[in-house]
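Have a look at the structure below before the remarks.
The values are calculated or read from the model by the stated rules, or taken from the named source; none is laboratory data. Keep in mind the model is a prediction, meaning the values are calculated, not measured. For the accessible areas, the whole protein counts, side chains as well, though only heavy atoms, and no ligand, DNA or RNA atoms are used. Shrake-Rupley method; radii C 1.70, N 1.55, O 1.52, S 1.80 Å.
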Amino acid sequence: MHGTKPAMFKSVAPAADGPATANWQDPDSGNLDGTGTSTLSHASSQGEESGHGPRQKLALRVEFHLLDAAGRGQIEKVQQAVAEGASVNCLDPSDRSPLMIAAAAGFTAICRYLLQQGAELNHRDKKGSYALREAVVNGHQDLRDLLLEHGAVIDSKDELDLGQQMCLKA
């Protein structure tokens with residue numbers, strides 16, 4: 001299963017000393033996205049070119065809020081975005097899912113909720129990373145355990161490295 005990819009988002013990554021930070025702007029804010037157009041007008045022009053109407057634009061906005069809330073640890077906003085129709089398998093431009101973003105930041109409750117809502121557990125981003133890898137390399141043992149309990153699979157190329165990290169941090 002592949003996630004839906006909101007066109008106007010940029011990657012979200014965990015900060016070295018705290019929760020993940022968003023590196024993109026809310027599509028409602030009109031802030032520049034580096035292309036010389038606002039994120040909202042850029043998304044709107046892409047929507048018009050591809051035949052997307054107001055419903056698809058609304059879905060993109062709700063998915064933006066889901067990705068943002070997952071990276072900030074805001075479980076109520078994650079739940080609200082899902083209730084409003086955001087796909088738990090939506091992706092940012094780096095193909096990172098809300099589960100991967102929350103796993104990197106160590107937000108266990110958000111990961112648990114996303115898994116309950118059907119989030120794809122072993123999705124790989126453009127760099128080949130996945131939620132379990134994000135949890136392990138960032139030292140989130142409780143999250144590592146949760147993902148393993150749900151059937152997360154360690155990629156064979158990561159097996160030795162992640163196995164050693166999991167043993168060292170246990």
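On the full set of protein chains, 1.4 Å probe, figure out the accessible area of His65 and give it in Å² to the nearest 10.
For His65, the solvent-accessible surface is approximately 70 Å².
For Arg112, what accessible area in Å² do you get when you roll a 1.4 Å probe over the heavy atoms of the protein chains, rounding to the nearest 10?
Approximately 100 Å² for this residue.
Accessible area of Phe64, 1.4 Å probe, to the nearest 10 Å²?
Phe64 exposes around 10 Å² with every protein chain in place.
Each residue of region 96-102 in turn: what ³J(HN,Hα) in whole Hz from Karplus with 6.51, -1.76, 1.60 and θ = phi - 60°, glycine and Pro shown as x?
In residue order, the calculated couplings are 8, 8, x, 4, 5, 5, 5 Hz.
Working with all protein chains in place, sort Ser87, Ser97 by solvent-accessible area computed with a 1.4 Å probe, largest first.
Largest accessible area first, the residues go Ser87, Ser97.
Show Val153, Val62 ordered by accessible area, largest first, where the area counts protein heavy atoms only and the probe is 1.4 Å.
Of Val153, Val62, the descending order of accessible area is Val153, Val62.
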